[in-house]
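J.: Take this structure, written in structure tokens, and hold onto it; I'll ask about it next.
Taken together, the values in this text are just the output of simple stated rules run on the coordinates, not laboratory data. Just so it is clear, the model here is predicted, and its values are computed rather than measured. Backbone-built Cβ (ideal geometry, glycine too); neighbour counts: all protein chains shown.
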Amino acid sequence: MSNIRMSRIRALTAALAATLVLAACGSSGSTPDTTVAPEVSLRIVSLSPTATEMLYAIGAGDQVVAVDSYSTFPAETATKVTKLSAFEPNAEAILGYTPDVVLISNDTNKISEQLIAGNPKLQVWTGAAAATLDDVYKQITELGALTGHEDDAATLIDSMKSRIAKATENISAPMSPKSYFYELDNTLYSVTSNTFVGALLKPFGFTNIADGVEAGNDYPQLNAEVIAKANPSVIFLADTKCCATNAAEVAKRPGWAGIDAVKNGQIVELDDDVASRWGPRVVDLLEQISAGIMAASK
């Protein structure tokens, strides 16, 4: 498997433990010291695209001085995107931005030790891949406290909960057995119900055809024949950007014409970036998922 593809699978292992070659570390595992006084003007370097999105969503973007190469959302990050890598973090390069706080998603190559050795006063905040929505809310709350934006964080969480409630208010068990296939890339890697995305889909009552495919692996690779035989009612494409996959292309795959999702036009094209992160835009993902499930339930 190519390095690029491995990066993508690990990325979704970090979300979904999914963004970005970040190993899933279970529920949020942030460092306990988030007591920086609100009046202090922090210099923040973020090596986590998800944390970057959270910071801007709570109004703390002006405290960010540099972000990693994948932190491209929102548009305001454009002037702060650097060559810093979350895959191969370089302590010297990071410290070159004289940060007070560095945000990471996992401790690749023990980068936290390297950073603190270079600056003992530095704080390293770790926001591991979320396993549940509560993990997402916890990380937003912690970043609010860290940056002095507690009220903004609380407001964001309330807004997310309200939108999620609306998106899921009409959930009911399907009248007949229904299933779905969630595609991570065009080599047919998927996710099981044990992942963050799988947890988002559980309440809808659809069976995940990737469950049990490979014992102990929550990101199994399926094959075209297995998927066709499973006959999913809806197909979610989380590879529209990375692999230029779309509904029309999927419908032309050999042996897939008879799949219910293909016959009924229930192929949902997702935004890769949204689907591989667990930040505020997870609500956008859930709304898309909900719309696709509701349509396939009819």
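J.: If the convex hull of the alpha-carbon atoms of segment 228-298 is projected onto planes in all directions, what is the mean projected area in square nanometres? Before the final figure, lay out the partial values.
T.: Working: hull surface 19.2 nm².
One quarter of the hull surface, i.e. the mean projection, equals 4.8 nm².
J.: Exposure proxy check: 160, 294, 54 ranked by fewest other beta carbons within 10 Å? Can you show the working numbers first?
T.: Values: 160 21, 294 15, 54 28.
By the 10 Å Cβ count, ascending, the order reads 294, 160, 54.
J.: Seen from all sides and averaged, what is the projected area of the convex hull of the Cα atoms in the chain, in nm²? Please report the intermediate quantities before stating the final value.
T.: Numbers: hull surface 60.4 nm².
Its Cα hull, projected and averaged over all orientations, spans 15.1 nm².
J.: How much net charge surrounds residue 288 when only other residues with a Cβ under 10 Å from its Cβ are counted (Lys, Arg +1; Asp, Glu -1)? Mind showing how you got there, number by number?
T.: Working: positive: none; negative: 269, 271, 284, 287.
Summing Lys and Arg as +1 and Asp and Glu as -1 gives -4.
J.: Equivalent ellipsoid semi-axes for segment 26-167, as square roots of 5 times the alpha carbon gyration tensor eigenvalues: give them largest first, rounded to whole Å.
T.: Details: eigenvalues 113, 48, 46 Å².
Gyration-tensor ellipsoid for segment 26-167: 24, 15, 15 Å.
J.: Could you give the length gained by full extension between residue 98 and residue 170, i.e. 0.36 nm per residue of separation minus their alpha carbon distance, to one decimal place? Don't skip to the answer; put the middle values down first.
T.: Details: separation 72, 0.36 × 72 = 25.92 nm, distance 4.95 nm.
Full extension from residue 98 to residue 170 adds 21.0 nm.
J.: Percentage of Cα-Cα pair distances in segment 179-297 greater than 24 Å, rounded to whole percent?
T.: Cα-Cα pairs in segment 179-297 separated by more than 24 Å: 15 percent.
J.: What's the Kirkwood radius of segment 117-235 in Å, using all Cα pairs? Could the numbers behind the result be given before it?
T.: On the way: mean 1/r = 0.0585 Å⁻¹.
Its Kirkwood hydrodynamic radius stands at 17.1 Å.
J.: How much length is gained on full extension from residue 223 to residue 244, taking 0.36 nm per residue of separation minus their Cα-Cα distance?
T.: Details: separation 21, 0.36 × 21 = 7.56 nm, distance 1.89 nm.
Using 0.36 nm per residue and subtracting the Cα-Cα distance, I get 5.7 nm.
J.: Could you work out how much longer the chain between residue 260 and residue 81 gets when fully extended? Use 0.36 nm per residue separation minus the Cα distance between them, nm to one decimal. Mind dumping the intermediate values first?
T.: Values: separation 179, 0.36 × 179 = 64.44 nm, distance 4.26 nm.
Going from the current span to full extension adds 60.2 nm.
J.: Related question: How high is the relative contact order of segment 26-167, in percent, counting Cα pairs under 8 Å that sit 6 or more residues apart?
T.: 33
J.: Extending each Cα 7 Å along its Cβ direction at residue 294 and residue 113, get the distance between those two points in nm, one decimal.
T.: Rounded to a tenth, the inter-label distance reads 5.1 nm.
J.: Pairs to check: 178/263; 263/298; 202/298; 178/298; 110/241; 83/110. Give those whose C-alpha atoms are more than 21 Å from each other in this structure.
T.: Values: 178/263 14 Å; 263/298 14 Å; 202/298 18 Å; 178/298 11 Å; 110/241 31 Å; 83/110 19 Å.
Too far apart for the 21 Å limit: 110/241.
J.: For segment 170-248, go through all pairs of different Cα atoms, get the mean of 1/r, take its inverse, and jot down that Kirkwood value in Å. Walk me through the intermediate numbers first.
T.: Working: mean 1/r = 0.0771 Å⁻¹.
Result for segment 170-248 stands at 13.0 Å.
J.: Next question, about the same structure. Residue 186 versus residue 150, label points 7 Å from Cα toward the beta carbon: distance in nm?
T.: Result: 5.0 nm between the two label points.
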